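Worksheet for the structure shown next.
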Amino acid sequence: MKKKYLNEVRLRLQSEKTGTPEILTENDMQHLPEPVKKYIHYAGFMGKEKISNVFLKAMDKFVHPKSRAGCSLPLNSTIFLTILSVHFISMQ
């Protein structure tokens, strides 16, 4: 199932590829609040290629406050986001 999901993500990424990548400039950030602008500068994103896709993986565990010690439910989430088009890919 995971392999199928990752294959689907790769196919979507390949189909999203466009021509010349756009570069992040001051003009792109005019509408953003000052703290966000400061962070973008601090993180070194200015003058770099704009990001259009993000792949996130989160792992944690849920522990109910009334559960016995050692009882927990593992939580694993894999998320693929793109700003170019909308896709819903499910790991069933």
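Listed by first and then second residue, the pairs with beta-carbon distance under 7 Å, at least 6 apart or on different chains, first residue in the stretch 49-75 and more than 30 Å from THR20 (Cα to Cα) and free of Cβ contacts under 8 Å to residues at least 60 places away in the same chain, second of a type in the set (Ser, Thr, Tyr) and surrounded by fewer than 11 Cβ atoms within 10 Å (Cβ to Cβ), are ALA58/SER77.
Which ones in the stretch 43-58 are part of a strand (DSSP E or B), out of contact with any Asp or Glu (no Cβ under 8 Å at 6 or more places or on another chain) and modelled with pLDDT of 80 or more?
Our first condition is that a residue be part of a strand (DSSP E or B); within the stretch 43-58, this holds for 49, 53-58.
After this cut, where a residue has to be out of contact with any Asp or Glu (no Cβ under 8 Å at 6 or more places or on another chain) as well, the list is 54-58.
Correct list: LYS57, ALA58.
Among the candidates ILE40, ILE89, the residue that is in contact with a helix residue (DSSP H, G or I) (Cβ under 8 Å, 6 or more places away or on another chain) and modelled with pLDDT under 75 is uniquely ILE89. Entry remark, the stretch 46-60: residues being within 15 Å of LYS2 (Cβ to Cβ) and of a type in the set (Lys, Arg) number 1 in total.
Please pick out the residue among LYS61, LYS3 that is at pLDDT 80 or above, loosely packed, with under 11 Cβ neighbours inside 10 Å and touching a Pro at 6+ places or on another chain (Cβ under 6 Å). The unique qualifying residue is LYS61.
Figure legend. Inter-residue proximity from the stretch 22-37: first residues closer than 13 Å to LYS48 by Cβ, second residues modelled with pLDDT under 90 and part of a loop (DSSP other than H, G, I, E, B), beta-carbon distance below 8 Å, spacing 6+ or different chains. Indicated pairs: GLU22/LYS50; ILE23/LYS50; LEU24/LYS50; ASP28/LYS50.
The values are calculated or read from the model by the stated rules, or taken from the named source; none is laboratory data. Bear in mind that the values here come from a model prediction, so they are computed numbers and not experimental data. Every residue, glycine among them, receives a Cβ derived from its backbone with ideal geometry; neighbour counts consider all protein chains shown.
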